[in-house]
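Remarks on the structure that follows.
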Amino acid sequence: MPAKSRKKTKKKVPLNMDEIIKMMFKMSDRLTISLINSLFDRNIPLDAEVIYETNEIHRFNQKDSSVKVIRIDMLLTINGVRYHFEFETINNDTDTILIRMFEYGFVMSINEIKSKIANIKDGIKLSFPTQYIIFVEQDDSIPESELTMKVILWDGKEVEYRVPIMRYWTETVASLVEKRLVPLLPMQLSPEYDYH
């Protein structure tokens, strides 16, 4: 009796795309600066110093005096400006992601104030980092260019909080190179990879 032929099926290979992207950012400061210039319409000199900051921020819980460690994807500083990137490889509710970005930015701002508390002369100012979200998996419900929400202050004033985004699945190798987004090329891997 002839042996049954087994049909080979491709298994999805799990990849930690967050880690691969972070590694690509750190391979070349010039490419990272070029990417930031492109995404934020800046003109930072390509030889500027890039400082890769810790990806851990700490949030104090007053209720039980505990400290929660929050891990963000990428935080770097160039010419005194902080840039915070999140890479969304799993489709989640965009409202939840936006709230998380606000929380991250708020905690980073508070931590910065605490580190410079002795130098505050003109009062306390919350300075959020420049933020950006890159959505990897296709989800046509994600807006074209940014996520927004309104923050209502105690006096009724509304402030609009906005985070620019990229719908990565719409990009190609050629478009990434043309836009000087070379650190994002690794995500152009074959669909047989599992980005989770």
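Selection of strands (runs of 3 or more DSSP E) fully inside the stretch 67-150 by the criterion of at least 1 residues being surrounded by fewer than 17 Cβ atoms within 10 Å (Cβ to Cβ) returns 74-78, 81-88. Checked against (1) more than 14 Å from residue 91 (Cα to Cα); (2) aromatic (Phe, Trp, Tyr); (3) surrounded by 13 or more Cβ atoms within 10 Å (Cβ to Cβ); (4) at pLDDT 90 or above, residue 193 meets all criteria but (4). Summed over the stretch 26-66, the residues that are surrounded by 16 or more Cβ atoms within 10 Å (Cβ to Cβ), over 18 Å from the mean Cα position of the chain (by Cα) and part of a strand (DSSP E or B) give a count of 0. Applying the set (1) under 30 Å from residue 46 (Cα atoms); (2) modelled with pLDDT under 90; (3) in contact with a helix residue (DSSP H, G or I) (Cβ under 7 Å, 6 or more places away or on another chain) to residue 137 leaves exactly one unmet item: (1). Number of residues in the stretch 19-35 that are at pLDDT 90 or above and out of contact with any Lys or Arg (no Cβ under 6 Å at 6 or more places or on another chain): the value is 6. Test residue 44 against the criterion of being within 30 Å of residue 144 (Cβ to Cβ) and at pLDDT 90 or above, and give yes or no. Answer is yes for this residue.
The values are calculated or read from the model by the stated rules, or taken from the named source; none is laboratory data. Just so you know, these numbers come straight off a predicted model, no measurement behind them. As a convention, Cβ positions derive from the backbone with ideal geometry for all residues, glycine included, and neighbour counts pool all protein chains shown.
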